[in-house]
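What follows is one structure encoded as structure tokens, with my remarks underneath.
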Amino acid sequence: MVAGGAGFIGSNFIHYMLEKYQDYKIINFDKLTYAGNLDNLKSIENNPAYTFEQGDITDLARLNEVIKKHGVTHLINFAAETHVDRSIHGGIKDFVMTNSLGVQMLLDAVRANEIERMVNVSTDEVYGALGLDEDRKFTENTPIMPNMPYAAAKAGGDLMCNAYWVTHKTPVIVTHCSNNYGPYQFPEKLIPFFIFKAMADEPVPVYGDGLNVRDWIHAIDHSSALDLLLHQGNNGEVYNIGVDNERNNLEITKMILSILGKPESLLTYVKDRPGHDRRYAIDSTKIMNLGWQAKYTRDKFAKGLQETVEWYLENKDWVEKIRSRMNEINQHIKG
Ligand SMILES: NC(=O)c1ccc[n+]([C@@H]2O[C@H](COP(=O)([O-])OP(=O)(O)OC[C@H]3O[C@@H](n4cnc5c(N)ncnc54)[C@H](O)[C@@H]3O)[C@@H](O)[C@H]2O)c1
């Protein structure tokens, strides 16, 4: 069962798994918040190996019902409130409910139904921030020290996984991945947001001085890492996932403008957001020692970004449908 499979990374993961394992059955359990989009899974909606079940991970009765109905053996959790800006400017309760309480409900469901393994997909943001000139990366032993409400809510879920493992031996693995890019990403996030702005010849708004650094990983590489951990990870452990592809926002913006053939004059600096972490960098030695290798390594980032931009250009129906929903969604959330 894939919780949150209608979102960006969850849907990439479902496509990846169905292509790779013809004999697996996948249940997509998703609440369909504003970020959930079944259009991401349109090409497989009639695949007999795939079933969608609407539900909220904070609803234990519904979780138990779906797990029993389908005889779920493995569970991977992508379900989360994920937009950092929204966690700063309102609606924090939803973040705590889903990202912390929801994970606890999933752990209870894993225990009650004797599920063989759960993987809780989390983020490097729980580690806090690094300085630009600091010569270190986040390891699995870096203390959890989140700076943003979103990351604090995610950290709550991660810590609950550790507590259930230590207390009940609940078979759970936690992952901390860096920033993802790829197809099917909701256009409030940096890369698709900038692609859409540039495509419309509108100013592309970069926070602060644009020098904030992230380690950008393709969603397909994140998926292959999670696949490996589902099969070969060790219960009770934490794994970092990244590709040593540190880039600042200015560099990303200029690359997108160049791929689209747009002038750098579209780049506009806007007031920085509060608590904007300066740099994240991931040490992935532990998962690489299990045999994981990314396809889009640092030297292939230009290719990965080019393919991603082309995907948004080629999938006009997907883009237009989601763009027409954007205003409505923002009004609803502000209200
Ligand atoms: N996007 C990134 O760069 C990134 C990086 C590292 C880790 N992560 C983690 O990966 C996971 C997926 O991220 P994403 O970018 O695909 O998110 P997303 O916002 O695109 O998708 C989240 C999905 O979860 C669903 N959902 C939300 N609340 C739910 C609930 N209570 N019950 C059931 N479903 C619910 C939504 O409908 C949506 O389909 C998150 O846990 C996030 O913290 C994301």
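The values are calculated or read from the model by the stated rules, or taken from the named source; none is laboratory data. Quick caveat: nothing in here was measured; it's all calculated off a predicted structure. Ideal geometry is used to build each Cβ from the backbone, glycine not excepted, and the neighbour counts take in all protein chains shown. When the accessible area is computed, the model is the full protein with side chains, heavy atoms only, and any ligands, DNA or RNA have been set aside. Shrake-Rupley method; radii C 1.70, N 1.55, O 1.52, S 1.80 Å.
What full-extension length gain, to one decimal in nm, is calculated for Leu32 and Tyr269 as 0.36 nm per residue of separation minus the Cα-Cα distance?
Numbers: separation 237, 0.36 × 237 = 85.32 nm, distance 3.33 nm.
Length gained between Leu32 and Tyr269: 82.0 nm.
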**OP:** Report the normalised scattering of region 152-262 as log10 I(q)/I(0) at q = 0.13 Å⁻¹, calculated by the Debye formula with identical scatterers on the alpha carbons.
**Re:** -0.63
**OP:** May I ask you to list the residues of region 214-237 whose amide nitrogen lies under 19 Å from a point 7 Å from Cα along the Cα→beta-carbon direction of Gln22?
**Re:** none
Original post:
Given H placed on each backbone N at 1.01 Å, which residues far from Asp244 in sequence or on other chains put an amide H within less than 5 Å of it?
Top reply: Ile282
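Report the percentage of all Cα-Cα pairs in region 1-131 whose separation exceeds 26 Å, rounded to a whole percent.
Working: 1833 of 8515 pairs.
Here the long-distance tail beyond 26 Å is 22 percent of all Cα pairs in region 1-131.
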Original post:
Long-range amide H contacts for Ile217: which residues qualify at under 5 Å (H placed 1.01 Å from N, peptide plane, sequence gap of 5 or more or a different chain)?
Top reply: Asn179, Asn180, Tyr181
Original post:
Can you tell which of Val96, Asn12, Val309 lies farthest toward the positive end of the dipole of the chain, using +1 and -1 charges on the Cβ of basic and acidic side chains (Lys, Arg; Asp, Glu)?
Top reply: Val96
Original post:
Any idea which of Leu226, Val166, Thr268 is furthest toward the positive side of the dipole for region 155-275, if Lys and Arg beta-carbons carry +1 and Asp and Glu beta-carbons -1?
Top reply: Thr268
Original post:
Lysine pairs, Cα distance under 21 Å, 8 or more residues apart or cross-chain: how many in region 1-114?
Top reply: 8
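Among the lysines in region 249-299, how many pairs, 8 or more places apart or on different chains, have alpha carbons under 27 Å apart?
The number of close lysine pairs in region 249-299 is 5.
According to the Cα gyration tensor, what semi-axes, each the square root of 5 times an eigenvalue, does the equivalent ellipsoid of region 82-184 have, listed from largest to smallest in whole Å? Numbers along the way, then the final one.
Values: eigenvalues 121, 62, 33 Å².
They are 25, 18, 13 Å, listed largest first.
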**OP:** Would you mind calculating the relative contact order of the chain from Cα pairs under 8 angstrom and at least 6 residues apart, reporting the percent as a whole number?
**Re:** 18
Original post:
With a Cα-only, solvent-free Debye model of region 206-335, what are the log10 I(q)/I(0) values at q = 0.11, 0.15 Å⁻¹?
Top reply: -0.56, -0.98
Subject >> Spin-label zone in region 191-219 - amide nitrogen under 15 Å from a point set 7 Å from the Cα of Lys262 along the C-beta vector >> reply: 191-207
**OP:** With everything on Cα atoms, drop me the angle between helix 249-260 and the longest principal axis of the chain, reported from 0 to 90° to the nearest 10.
**Re:** 80
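Can you check what the Kirkwood hydrodynamic radius comes to for the chain, Cα pairs only, in Å to one decimal?
20.3
When Lys and Arg each count +1 and Asp and Glu each count -1, what net charge do the other residues less than 13 Å away from Ser258, Cβ to Cβ, add up to? Mind showing how you got there, number by number?
Working: positive: Lys254, Lys262; negative: Glu251, Glu264.
Combined, the nearby Lys, Arg, Asp and Glu give 0.
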Subject >> Charged-residue dipole, Cβ positions (Lys, Arg, Asp, Glu), the chain about Cα centre, Debye nearest 20 >> reply: 260
**OP:** Quote the accessible area belonging to Trp165 in square angstrom, nearest 10, computed with a 1.4 Å probe and with ligands, DNA and RNA left uncounted.
**Re:** 60
**OP:** Could you give me the radius of gyration and the Dmax of region 199-262, taking only the C-alpha atoms into account and expressing both in angstrom?
**Re:** 16.5, 49
**OP:** Hey, can you grab everything whose amide H is under 5 Å from the amide H of Tyr207? Only 5+ residues off in sequence or another chain; H modelled, so Pro and N-termini drop out.
**Re:** Val270
Original post:
Using Cα-only point scatterers and the Debye equation, what is log10 of I(q)/I(0) for region 268-320 at each q in 0.12, 0.19, 0.21, 0.25 Å⁻¹, rounded to two decimals?
Top reply: -0.58, -0.96, -0.94, -0.94
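Filter the trypsin sites (Lys or Arg not before Pro) in region 224-305 to those in DSSP coil with at most 12 other Cβ atoms within 10 Å of their Cβ, and list the result. Show your work: numbers first, answer last.
Values: sites: Arg247, Lys254, Lys271, Arg278, Arg279, Lys286, Lys295, Arg298, Lys300, Lys303; in loops: Lys271, Arg278, Lys295.
Listed in order of number, the matching sites are Lys271, Lys295.
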